[in-house]
Amino acid sequence: MSARTTTAGTWRLGDLTVNRIGFGAMRLTGTAPFGGGVPRDRERSIAVLRRAVELGVNHIDTAAFYFSATRSANELINRALAPYPRDLVIATKVWPGRDASGAWWWADPAQLRGQVEENLRQLGRDHLDVVNLRVPPSRRTGSIAEHFRALAELRDAGLIRHLGVSHVTGGQLAEARAIAPVVCVQNPYGIGASAEDASLLRICGELGLAFVPFFAIAGAGREAGPGARDGETVRAVARAHQASVAQVRLAWTLRQGPHVLAIPGTGDPDHLAQNMAAAALRLTADESARLAAPER
């Protein structure tokens, strides 16, 4: 299989064209989510970022709250890639934050400007390509209008180019779109996804919005990473293609629509190469249907 991300095609985030396999920066700073566990080797993380771009990645997902005691994903991106390639799109997230001890906090609408400016400073940019409003679990059924309106004002001020939403319901997406244009939805999705998330993926396709799934590889393992046990169907398809389970999960996710973008993340160069090669993995219609069916 080719290791070039361009094999999977492209999609547009507003006026920005990106390859459909990008890169998620969450695991760059440590072996556990959000920079926990053993810190990654700095030079190794920088090399992974540079290699990702060499392989065709031009869409990187990050956040200011991706940091460990000694590493910051945004600052690693800055060190590795600045001056940035002209076609590189960096997307970040606001609303959640972490203090110096790692404890979580959630911004008020008036505090979103500070979070945007923190991302600008760390990345060394004068504007952010895409900012996703990451909705907290406690607000999954509430209004996001006040926070999204604050982000729209920052877009109007020139600090942000495009807006997205993350971890939202269909109703919240509609609420945001009534305030300002939305270019992407970033929600959990992959083999075994809920009917609600599948419905939102379909809605995004109908609206022409990018659907950017996270946990496409991890599945039910979520932040903890891929589960120790994958279903026999996934493993059988992987064996048939001489591929890894992770590659099958990525290929299946990309097959759900041309508007679906993947952002697998890793701090391991070998895993990076495998993830990028998933762009060339072609599942049959029968395999795709079997993977979508519940395991028995």
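The values are calculated or read from the model by the stated rules, or taken from the named source; none is laboratory data. Just so it is clear, the structure is predicted and the values come from calculations on it, not from any experiment. Cβ atoms come from the backbone with ideal geometry, glycine included; neighbour counts cover every protein chain shown.
Of note:
- Test result for Ala82, under 20 Å from Val168 (Cβ atoms) and in contact with a Gly (Cβ under 8 Å, 6 or more places away or on another chain): no
- Candidates Leu133, Leu112, filtered to the one that is surrounded by 16 or more Cβ atoms within 10 Å (Cβ to Cβ), of a type in the set (A, V, I, L, M, F, W, C) and part of a strand (DSSP E or B): Leu133
- Residues satisfying the stated conditions in region 88-106, i.e. surrounded by 13 or more Cβ atoms within 10 Å (Cβ to Cβ) and either part of a strand (DSSP E or B) or touching a Gly at 6+ places or on another chain (Cβ under 6 Å) (or both): Val89, Ile90, Ala91, Thr92, Lys93, Val94, Pro96, Gly97, Arg98, Trp106
- Considering Leu261, Leu272, Leu254, the condition of being modelled with pLDDT of 95 or more, in contact with a Cys (Cβ under 8 Å, 6 or more places away or on another chain) and either farther than 30 Å from Arg40 by Cβ or not polar (S, T, N, Q) (or both) is satisfied by Leu261 alone.
- Answer residue from region 182-210, given it is modelled with pLDDT under 95 and among the charged types (D, E, K, R) and is surrounded by the fewest Cβ atoms within 10 Å (Cβ to Cβ) among those: Glu196
- When the residues of region 19-76 are filtered to those that are of a type in the set (Lys, Arg) and outside any helix (DSSP H, G or I), the one that is farthest from Gly102 (Cα to Cα) is Arg20.
- Within region 76-125, the residues that satisfy the criterion of being of a type in the set (Gly, Ala, Ser) and modelled with pLDDT of 95 or more are Ala80, Ala82, Ala91, Gly97, Ala107, Ala110, Gly114, Gly124.
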